[in-house]
Amino acid sequence: MTDAGTLLPLLAEPGQPETLYRALEAETQRLVGHRLFTLLYVDGPDVARVWSSHPAEYPTSGRKTMGETPWGAQVLRQGLPYLGADKAGIRWAFYDHALIESMGLGSVINLPVRYNGETIGTFNLLDVEHHYDQAALERVLPLAPLLVAAFLEARRAA
C-alpha cells in the first residue's frame with residue numbers, strides 16, 4: 001500500500017504538473033504495474049488527455065466523448081471507480097477497444113478524481129487481461145486526490 005502523503009511534497013516542486021504526473025506514473029508502476037498510464041480531465045461531455053505513457057497511440061491532445069455512456073454514468077457522474085478485469089470489460093467501457101486490445105491490453109482501472117462533489121478527471125491504468133483485481137484498485141485509489149489541483153488548472157486553461 002502507498003501513503004499518498006509521501007507524494008504530497010511533490011506539489012511544491014517546480015515543473016508542475018509534469019513533476020507530479022511522472023511521480024504518479026512511477027508509483028503506480030511500483031504498486032500494481034501498468035502498460036498504459038493516462039490522465040484525463042473532464043471538459044463537458046468529453047475527457048481531454050493531459051498525460052499518456054504512449055503518446056503515439058494516445059496523444060496528450062486527444063479527447064473522447066464519454067459522458068453519455070454507461071462508463072461515463074459510473075465514473076464521471078456517480079464518481080465510482082471502474083475495474084475492467086478482462087477484454088469484455090474493456091469492450092463494455094470503451095468505443096476504442098480495438099486499439100486498446102491491439103496494444104495487448106485487456107484490463108483497466110479507472111479512478112475518478114473528485115472535487116467539490118464533482119468528477120473533474122480520471123486516472124487510468126491498463127495492462128494485460130486479468131492483471132487488475134479489487135486489491136490492485138484499492139492500492140492505487142488513495143493516489144487519485146493528488147490530481148485535483150492539476151486537473152482544476154487544466155480545466156481553467158482550456
> Can you tell me which residue in region 18-60 is nearest to Ala73 (Cα to Cα), limited to those that are acidic (Asp, Glu) and either crowded, with 20+ Cβ neighbours inside 10 Å or free of Cβ contacts under 8 Å to residues at least 40 places away in the same chain (or both)?
Replying inline: Asp46
> Which ones in region 43-68 are in a loop (DSSP other than H, G, I, E, B) and within 21 Å of Ser102 (Cβ to Cβ)?
Replying inline: Ser53, His54, Pro55, Ala56, Glu57, Tyr58, Pro59, Thr60, Ser61, Gly62, Met66
>> Just to be sure before I move on: is Leu7 under 16 Å from the mean Cα position of the chain (by Cα) and touching a residue at least 24 places away in the same chain (Cβ under 8 Å) in the structure I sent?
In response: no
> What single numbered condition from (1) touching a Lys or Arg at 6+ places or on another chain (Cβ under 8 Å); (2) among the polar types (S, T, N, Q); (3) farther than 19 Å from Glu101 by Cβ fails to hold for Thr28?
Replying inline: (1)
> From the residues in region 82-93 that are small (Gly, Ala, Ser), surrounded by 15 or more Cβ atoms within 10 Å (Cβ to Cβ) and assigned to a helix (DSSP H, G or I), which one is farthest from the chain's Cα centre (by Cα)?
Replying inline: Gly89
> Can you pull out the residues in region 1-17 that are surrounded by 12 or more Cβ atoms within 10 Å (Cβ to Cβ) and either among the acidic types (Asp, Glu) or farther than 16 Å from Leu137 by Cβ (or both)?
Replying inline: Leu7, Leu8, Leu10, Leu11, Gln16, Pro17
> Can you name the residue in region 61-76 that is of a type in the set (Gly, Ala, Ser) and surrounded by 14 or more Cβ atoms within 10 Å (Cβ to Cβ) and, of all such residues, is nearest to Glu138 (Cα to Cα)?
Replying inline: Gly72
> Hey, Gly79 hits all of (1) in a loop (DSSP other than H, G, I, E, B); (2) surrounded by 17 or more Cβ atoms within 10 Å (Cβ to Cβ); (3) at pLDDT 95 or above but one; which does it fall short on?
Replying inline: (2)
> Among the residues of region 5-20, is there at least one that is modelled with pLDDT of 90 or more, over 15 Å from Asn110 (Cβ atoms), touching a strand residue (DSSP E or B) at 6+ places or on another chain (Cβ under 9 Å) and not aliphatic (A, V, I, L, M)?
Replying inline: yes
> In region 101-138, what residues are part of a helix (DSSP H, G or I) and surrounded by fewer than 16 Cβ atoms within 10 Å (Cβ to Cβ)?
Replying inline: Glu101, Ser102, Gln134, Ala135, Glu138
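The values are calculated or read from the model by the stated rules, or taken from the named source; none is laboratory data. The structure presented is a predicted model; accordingly, all values stated were derived computationally and were not measured. Positions of Cβ are generated from backbone atoms using ideal geometry, with glycine treated the same way; all protein chains shown enter the neighbour counts.
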